[in-house]
1. Could you do me a favour and compute the accessible area per residue for the stretch 266-346, 1.4 Å probe, result in Å²?
2. Express in whole angstrom the spacing between the alpha-carbon centres of the stretch 311-375 and the stretch 227-280.
3. Sequence neighbours fewer than 8 away in the same chain don't count; with that in mind, list the lysines whose C-alpha is under 30 Å from LYS187.
4. In square angstrom, what is the accessible area per residue of the stretch 22-65 with a 1.4 angstrom probe?
5. Checking the cross-link filter: which lysines have an alpha carbon closer than 24 Å to that of LYS310, excluding same-chain neighbours under 8 positions apart?
6. Ignoring ligands, DNA and RNA, what percent of the 1.4 Å accessible area of the stretch 167-252 is carbon and sulfur?
7. I'd like the accessible area for GLU284, computed on protein heavy atoms only with a 1.4 Å probe and all protein chains in place. Round to 10 Å², please.
8. So, with a 1.4 angstrom probe, what is the percent of accessible area on the stretch 306-432 that is carbon and sulfur?
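The values are calculated or read from the model by the stated rules, or taken from the named source; none is laboratory data. Predicted model only: the values in this text are computed from it and were never measured. Every residue, glycine among them, receives a Cβ derived from its backbone with ideal geometry; neighbour counts consider all protein chains shown. All accessible areas refer to the heavy atoms of the entire protein, side chains included, with ligands and DNA or RNA removed. Shrake-Rupley method; radii C 1.70, N 1.55, O 1.52, S 1.80 Å.
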Amino acid sequence: MILISPTGDRRKKLGPFAKYVPLSVPYGIGALAGYLHSRGKSATIIDEEVEIVTLDLLRNKIRQLKKPYIFGISCLTASIGRGMEIASMIRSDTVLRDSKIVFGGIHPTVMPEETLQLGLSDIVVRNEGEIILDKLYANIKNGDLYHSVPGISYVVNGLIKHNPPGDVVDLDSLPSFPYDLFYQYSKKYSLGFITSSRGCPYECIFCSNRMIAGRFYRFRSPEVVVEEIYYLHRKRGYQYITFQDDNFLANKKRVKLLCELILKKFSPGLQFDCQARADNLDSELLALMRRTGFRLMHVGIECANDRLLKLVNKNESLDQITRGIGLLKDHGFQVSGTFILGLPSETREDRKAAYELANDLNLDYVRFNNATPYPGTKLYEMAQTAGRFNPGKNWENLNACGSLSESPFSPSRLSFVPDGVSETELRNDIIKFNLMFSLKPRRLFKLLSNRVGPAGWFELPERWFFKPEEWFNLVRLGVTIGVNFLLLLLRLTRSRIQSFFS
């Protein structure tokens, strides 16, 4: 089986930032490949972050495989368009057209009918795929019908059939993540990561992650996690390890046990990052985590007042958020935070308050994202009801990251703009607040001197300051940011002049 993570060329999206934004390992297809291998099945990975899919590449990958060929394409909403391009490529090729094409991931899970109606896929795997794909693989290779495989959708006599859901996966029953499959690209990937839990018990209106893992929170035993840390640290030499859990502190008892095991097994020097809700933080646990080597906590702050926090169903107050971040600072953590701009009923004052709060909390790193109504979320329903949803062709506008690489005059569109603000004004605020926060000398110095920022945000090569080409690239990056900032000032000045004479 060939498992594909479609993204297209990242340089087109990130420009000069592409060199310094670490590649994220496609965890979904990696976990699937690892499980299939543990069951004695063949699975090969193609990640477009490092290898663009072409017909020649696909034909080369199937040379040693037996028919029927199986292609598994895992898609987020932002990548479903590219996934369909790859499926069309397979369908139009004389060598590959009889292959079975299986779609999975968040978008096909939420939109199985749409995915199948396009006629480019045979089967959609819904939710967590390890056990489902193992059974499906055997059925396809044996020429059996699909009716006995849970958790899939497919077409029968022109009608879409949804089989009952699959079982919830016991995480300790899964093999360790197959880091070795990605090690050939270790200079490009940031392989120092662990996913130790799945699911989230909360129901924020903007989050689509629970569409795969559900609300039922599960975690791997601390002993199993420590063995994975041992591999990454002792076998591969990683000093920084990021826990990619959506909510690392959802079960504080297991985090305490994990920290105690790490302190017993490893000498000082290991460092960890994680993500947590501010209302899950307490002083005793944070003190233990700091002794263990946790250095940075990512917190989703989202909004700067209780009205909007209630709107997004965050289920925590601004007081809880400020108290939690205060505890992090008291215990010496670096703190990165994200905000969402462009929510329903949001005002210009609300957006300004978010920027001011980021400064008042003395956050180390911040990203201001645009509100993005992903299918399956309450925000998606709200945007459609309001008639303000603009997904673009093949969902191309579904991108939540307000990137510093984007020009204020970019032709790209926002997927959602609420009443009371123009798209131009909202885009200007997103770019302006990202630039104003990140370009302060103190924060730039911290990023350059630390070399490693929050996971997946920015990372410089080791000993970069001794490499002339890195100085050239960083100067080029600085020029890009400076030009974007000047363009933004030009647009804002022009808007003020037009307002004065109107």
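1. About 35 Å² of surface per residue is accessible.
2. The distance from the Cα centre of the stretch 311-375 to that of the stretch 227-280 comes to 24 Å.
3. LYS187 reaches LYS12, LYS13, LYS19, LYS41, LYS61, LYS235, LYS265, LYS440, LYS446, LYS467.
4. With all protein chains present, the stretch 22-65 gives 44 Å² per residue.
5. LYS352, LYS378
6. 49 percent
7. Here the accessible area works out near 140 Å².
8. 46 percent
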